[in-house]
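Just below is one structure, and these are the notes that go with it.
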């Protein structure tokens, strides 16, 4: 086991890293934004109505599809991360982008079969697993050390920006070409936006060095997946990020019905829900910038603790649009920060040699929480008749996650003199 040593960055190191690898960040940002999970998740709400009208399926039946997307990601995520460790992230990404284009295009041929609909969403995650967070961030953690937090935030900012634009994009496609045209339009995103930049700019430092391009000295030390699994740190991270994912996804999916149940107009509720995508972008940038400058667990504590107060604010906000918007935006900030913080912690505590496998497993495990959150909230609302118990539960979940992450300490390598990362 090799511990991960920490060093203070040299003056100007952050600037030098960005000057050398800004193209990699750009490719990762657009590639991640046009990956399987952001496209499938953020486009889904706009497809519920058209699919229900076309096939006669209930909304409950249709909204079960994200769970199958989660299951597909759970099955394939760890393998995609392991493949990135072995064969390189760029190769895995390109193969997965091609497969993702075909998967979305195939959905346009969907017959009236609910099992095939669920299977299709599961296959979007399986075939597009190489476009998930672990491949893009594996390259970023190799290029950046001093500016790693901000680079990770920037590399994932595309998911929030694409997420903010997707509902309008899908609505216009549905109006012009029907739900079939919408799926073709979704297939065009990785083909026309993601792949060109991946081909032109996306490199890991090992590959760049082999081509004679400027590259940093690559630190290939760190914990194997088996060694990481034996640490308390890894499982404490799994629990904390899973609890956060449950609460975030529940509020994201239920934001519109929560507001309309109170008498907020559908248009106003949709506009407030749209704040989530913008707040996700802000959360990525803010958390990335601060991760390079303050204690990671303290920052995570703040990012996960503030939404607990936001849930309580939503309980009493009624139809006050300003207070509701503020609470929803705070939850969006946490949603943006979560992936950034998870990727940063994984590289910092366990190193880069087996980063793809380690973060791939972490990502898919807490992704289960994201799949369960809307169902748990829906059950709570069905049992109680309103959203207050679900919001109180969300506040408790955020507070629990904040407490867990504040006490996080990096694993100690007893065979060396290197202290645990903090």
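Here the Gaussian network model covers the chain, with springs between Cα atoms less than 10 Å apart; of 302, 100, 150, 302 fluctuates the most. Each of residue 396 and residue 206 was given a label point 7 Å from its Cα along the Cα-to-Cβ line. The distance between the two points is 4.6 nm.
Rank these for me by crowding, 240, 224, 58, going from fewest to most other beta carbons within 10 Å. It would help to have the intermediate numbers written out before the result.
Values: 240 28, 224 16, 58 10.
Exposure proxy ranking, most exposed first: 58, 224, 240.
Among 356, 410, 288, the residue with the largest mean-square fluctuation in a Gaussian network model of the chain, with springs joining Cα atoms closer than 10 Å, is 410.
Counting neighbouring beta carbons within 10 Å and listing from fewest to most, the residues 379, 22, 57 come out as 379, 22, 57. Among 317-326, 67-76, sorting by the average number of other beta carbon atoms lying within 10 angstrom of each residue, highest first, gives 67-76, 317-326. Fewest neighbouring Cβ atoms within 10 Å first, the residues 184, 276, 62, 341 line up as 184, 62, 276, 341.
Taking every alpha-carbon pair under 8 Å whose residues sit at least 6 apart, the chain reaches a relative contact order of 27 percent.
A straight chain from residue 13 to residue 106 at 0.36 nm per residue would run longer than the Cα-Cα distance by 28.9 nm.
Its DSSP H runs of at least 4 residues, each contributing -39,500 (n - 2.57), put the calculated 222 nm mean residue ellipticity of the chain at -26000 deg cm²/dmol, to the nearest 500. Taking a point 7 Å out from the Cα of residue 95 in the direction of its Cβ, the residues of the range 116-140 whose backbone N falls within less than 16 Å of it are 126-132, 135-136. Computed from label points 7 Å out along Cα-Cβ, the spacing between residue 52 and residue 320 is 3.2 nm. For the range 13-218, the spread of Cα positions along the three principal axes, ordered from largest to smallest, is 57, 30, 24 Å. Sequence-distant contacts, meaning Cα pairs under 8 Å at least 6 residues apart, place the relative contact order of the range 13-218 at 40 percent. Between residue 379 and residue 312, the modelled labels are 2.6 nm apart [label points 7 Å from Cα along Cα→Cβ]. Computed from the coordinates I sent, volume of the Cα convex hull per residue in Å³ equals one of (1) 216; (2) 127; (3) 339. Tell me the label. Checked against the structure: label (2).
The numbers here are math on the coordinates, done by the rules we state, and not lab data. A quick note: this is a predicted structure, and the numbers were derived from the prediction, not measured. Ideal geometry is used to build each Cβ from the backbone, glycine not excepted, and the neighbour counts take in all protein chains shown.
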